[in-house]
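A.B. asks: Let me begin by handing over the structure; questions about it come next.
The values are calculated or read from the model by the stated rules, or taken from the named source; none is laboratory data. What you see is a predicted model, and the numbers here were worked out from it, not measured in a lab. Every residue, glycine among them, receives a Cβ derived from its backbone with ideal geometry; neighbour counts consider all protein chains shown. The accessibility values were calculated without ligands, DNA or RNA, using every heavy atom of the protein model including side chains. Shrake-Rupley method; radii C 1.70, N 1.55, O 1.52, S 1.80 Å.
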Amino acid sequence: MSLDLALSTLLSPIVLFFVLGLIAALLRSQMTVPEAFAKGLALYLMMAIGLKGGVEMSKAVLGPDFIFLALIALILSFGLPFLAYLALRLTSGMDRINAAATAGHYGSISIVTYVAATQALQLAGISTSGYMVAIAAVMEVPAIMSALMLARKGLKEKGAIGEGAIGSERGELVREVMLNASVVVLVGALLIGWITGEAGMEKISPFFVDPFQGVLCLFLLDMGLSAGRGLRQGWRDLNVGALGFGVYMPLISAMIACGFCYVLNISAGNAALLITLAASASYIAVPAAMRLALPQAQPSIYLTLSLGVTFPFNLTLGIPLYILLGQWITGL
Amino acid sequence: MFDKKRLELIIEKPAFKRACRILEGCGVTGYSALPCMAGFSLGESGNGRRWQRGTDISASGDMVLIISIMDVALIDAVTQKLEVLIGMHIGVLSVSDVQVIRKDKF
């Protein structure tokens, strides 16, 4: 069963298209997905995920289960960067500012990893709750605050406290962080799906449901190209400790989330998704926030790790493992 | 023809609004912004790095070129403030002498 699951995930079209993009970029192929088209694909995917989640939420009454899960998601997103920071400082010798910025990425989430996990769960016949999209949205932002708190000491050492956001710019920073593109689209589509329900979804399903898998393949081809390019350009900035962090940190986060799932006693599908969310690393919301609030940190370090190392690891090996962990923890 | 200063600032997209606010705050009469497609930088480590516009919807890795032509009297104040900005953010600032036909526009 576990080998079947791993194989079916690895050999799914979305993973294979990602691998194609990754290999093409590493081999310096000229293949590209046009920029505006790729941005459109990202918007489409987030809208589709949000709508689908919202419709599922409209079918059920949200009870204490959801509230506890949201609370745990908040704790994970806020707390994991502190652990990631410690791990980075101990194993890679990274300076405080870069370690803080990188750690922030590992508390936040990757929505594409989440989608890939839902597809793998669907393939394995394991059901999940629609409200998990809301849980994903909850986990986007708190990690950014943790990263900024962690960076304070490093900024003090450099005498650069307050350099990132001065005076009125703090308001701009808060607005950019809270209203970043991925959060707005995801939460907005979730609310629209919730309000319009099944009837509303029926009208737009030929656009948002039927072509979803194909669009996801196209998007992952582009993600593969981005990850490959990032890895090719940025690996020189990373030592073995940092590269290792990109693989072991998702596993540590997964184990911590696993513990919470056991305490909450949630379903296998939801557990697998929460574990995946905890193990994933952001490459949209957090990099944008870090460039605004912590410009002293090097994007080549945190983007190479989250997009070039952790994302491919999660997509290929991580997701089957997280699904198995979800099944195991709920079977205990 | 009248002597003016032409300022060119290549700056990362997340700092674009900050740069615009500095220009406007210093009293420049106008500027234009263009997206940068790709580039290369040797960097402090000596490891050359190529970059190109990404497909990330937050555009946090993109670069923007801002061009502004202004009165000679403004250039010192503008460059001083922009120097602080590019001290933190990824960017390149250059100034050149230009001549314009319509003096009142700048």
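A.B. asks: Can you work out which of the residues in the stretch A:173-228 that are away from chain B (no Cβ under 11 Å) and among the polar types (S, T, N, Q) is nearest to B:Ser60 (Cα to Cα)?
C.D. replies: Ranking the qualifying residues of the stretch A:173-228, first place goes to A:Gln213.
A.B. asks: Tell me the helices (runs of 4 or more DSSP H) entirely within the stretch A:201-288 that contain at least 3 residues that are within 30 Å of A:Thr330 (Cα to Cα) and at pLDDT 95 or above.
C.D. replies: Details: elements: A:212-234, A:240-264, A:268-279.
Of the helices (runs of 4 or more DSSP H) lying wholly inside the stretch A:201-288, those with at least 3 residues that are within 30 Å of A:Thr330 (Cα to Cα) and at pLDDT 95 or above span A:240-264, A:268-279.
A.B. asks: If you don't mind, another one. Condition (residue is in a helix (DSSP H, G or I) and not polar (S, T, N, Q)) applied to the stretch A:161-170: is it met by at least one residue? Outline the logic, then answer.
C.D. replies: Our first condition is that a residue be in a helix (DSSP H, G or I); within the stretch A:161-170, this holds for A:169-170.
Filter once more, keeping what is not polar (S, T, N, Q): A:169-170.
Yes, because at least one residue in the stretch A:161-170 is in a helix (DSSP H, G or I) and not polar (S, T, N, Q).
A.B. asks: Follow-up. From the set of residues in the stretch A:296-331 that are within 14 Å of chain B (Cβ to nearest Cβ) and surrounded by fewer than 24 Cβ atoms within 10 Å (Cβ to Cβ), which is farthest from A:Ser108 (Cα to Cα)? Let's see the steps before the verdict.
C.D. replies: First, the residues of the stretch A:296-331 that are within 14 Å of chain B (Cβ to nearest Cβ): A:296-304, A:306-308, A:311.
This time we only want the ones that are surrounded by fewer than 24 Cβ atoms within 10 Å (Cβ to Cβ), so: A:296, A:298-301.
Details: A:Gln296: 20, A:Gln298: 18, A:Pro299: 16, A:Ser300: 18, A:Ile301: 16 Å.
That would be A:Gln296.
A.B. asks: Can you list residue pairs whose Cβ atoms sit under 8 Å apart, with the first residue in the stretch A:174-199 being open to solvent by 60 Å² or more (accessible area, probe 1.4 Å) and the second being of a type outside the set (A, V, I, L, M) and at pLDDT 95 or above? Count only pairs 6 or more apart in sequence or on different chains.
C.D. replies: Here the result reads none, with nothing in the stretch A:174-199 linked to a residue that is of a type outside the set (A, V, I, L, M) and at pLDDT 95 or above.
A.B. asks: Let me ask you something else. How many residues are over 12 Å from B:Ala19 (Cβ atoms) and at pLDDT 90 or above when one looks only at the stretch B:93-106? Full working, then the answer.
C.D. replies: The initial filter retains those residues of the stretch B:93-106 that are over 12 Å from B:Ala19 (Cβ atoms), namely B:94-106.
Within this subset, residues satisfying the condition of being at pLDDT 90 or above are B:94-102.
So the answer is 9.
A.B. asks: Looking only at the stretch A:36-57, filter to residues that are under 21 Å from the mean Cα position of the chain (by Cα), open to solvent by 50 Å² or more (accessible area, probe 1.4 Å) and farther than 22 Å from A:Ala271 by Cα; which one of those is farthest from the other protein chains (Cβ to nearest Cβ)?
C.D. replies: Checking each candidate, the answer is A:Met47.
A.B. asks: Turning to a different aspect of this structure: With the structure loaded, tell me whether B:Asp97 is open to solvent by 40 Å² or more (accessible area, probe 1.4 Å) and of a type in the set (Asp, Glu) or whether it fails that test.
C.D. replies: Numbers: open to solvent by 40 Å² or more (accessible area, probe 1.4 Å): yes; of a type in the set (Asp, Glu): yes.
Here the answer is yes, as B:Asp97 does meet what is asked.
A.B. asks: What about A:Thr118, is it farther than 18 Å from A:Met255 by Cβ, open to solvent by 20 Å² or more (accessible area, probe 1.4 Å) and outside any helix (DSSP H, G or I)? First the steps, then the outcome.
C.D. replies: Numbers: farther than 18 Å from A:Met255 by Cβ: yes; open to solvent by 20 Å² or more (accessible area, probe 1.4 Å): yes; outside any helix (DSSP H, G or I): no.
No; evaluated as a whole, the condition is false for this residue.
A.B. asks: Let me ask something else. Which ones in the stretch A:284-295 are of a type in the set (Val, Ile, Thr) and open to solvent by less than 10 Å² (accessible area, probe 1.4 Å)?
C.D. replies: Answer for the stretch A:284-295, where residues must be of a type in the set (Val, Ile, Thr) and open to solvent by less than 10 Å² (accessible area, probe 1.4 Å): just A:Val286.
A.B. asks: Still on this structure: Could you check how many residues of the stretch A:1-15 are modelled with pLDDT of 85 or more, farther than 22 Å from A:Thr304 by Cβ and crowded, with 16+ Cβ neighbours inside 10 Å? Write out each step before concluding.
C.D. replies: Taking the stretch A:1-15 as the starting set, the residues that turn out to be modelled with pLDDT of 85 or more are A:11-15.
Add one more test, that the residue is farther than 22 Å from A:Thr304 by Cβ, and what stays is A:11-14.
From what's left, crowded, with 16+ Cβ neighbours inside 10 Å: A:12, A:14.
Here the count works out to 2.
A.B. asks: Give the stretch B:39-95 a look and list any residue that's at the interface with another protein chain (Cβ under 8 Å from one of its Cβ atoms), of a type in the set (Ser, Thr, Tyr) and more than 29 Å from A:Ser182 (Cβ to Cβ), or say none.
C.D. replies: Within the stretch B:39-95, just B:Ser45 meets the criteria.
A.B. asks: While we're on this one: Can you pull out every residue in the stretch B:67-85 that is open to solvent by 50 Å² or more (accessible area, probe 1.4 Å), part of a helix (DSSP H, G or I) and within 16 Å of B:Asp3 (Cα to Cα)?
C.D. replies: B:Val72, B:Ala73, B:Asp76
A.B. asks: Continuing with the same structure: For the stretch A:1-100, please list each of the helices (runs of 4 or more DSSP H) lying entirely inside it that holds at least 1 residues being among the charged types (D, E, K, R). Steps first, answer last, please.
C.D. replies: Details: elements: A:2-10, A:13-26, A:35-59, A:64-91.
Ranges flagged: A:2-10, A:35-59, A:64-91.
A.B. asks: Confirm whether B:Gly61 is open to solvent by 40 Å² or more (accessible area, probe 1.4 Å) and in a loop (DSSP other than H, G, I, E, B). I'd like the intermediate steps shown before the answer.
C.D. replies: Values: open to solvent by 40 Å² or more (accessible area, probe 1.4 Å): yes; in a loop (DSSP other than H, G, I, E, B): yes.
The answer is yes for B:Gly61.
A.B. asks: Next question. Whether any residue in the stretch A:58-76 is within 22 Å of A:Leu123 (Cβ to Cβ) and surrounded by 15 or more Cβ atoms within 10 Å (Cβ to Cβ) is what I want to check. Walk me through how you get there before you give the answer.
C.D. replies: Pass one, the stretch A:58-76, residues within 22 Å of A:Leu123 (Cβ to Cβ): none.
Checked the stretch A:58-76: no residue is within 22 Å of A:Leu123 (Cβ to Cβ) and surrounded by 15 or more Cβ atoms within 10 Å (Cβ to Cβ).
A.B. asks: Hey, can you tell me all the residues within the stretch A:101-113 that are of a type outside the set (Ser, Thr, Tyr) and either out of contact with any helix residue (DSSP H, G or I) (no Cβ under 8 Å at 6 or more places or on another chain) or assigned to a helix (DSSP H, G or I) (or both)?
C.D. replies: The answer is A:Ala101, A:Ala103, A:Gly104, A:His105, A:Gly107, A:Ile111, A:Val112.
A.B. asks: Of the residues in the stretch A:229-256, how many are more than 14 Å from chain B (Cβ to nearest Cβ), open to solvent by less than 60 Å² (accessible area, probe 1.4 Å) and not aliphatic (A, V, I, L, M)?
C.D. replies: 6
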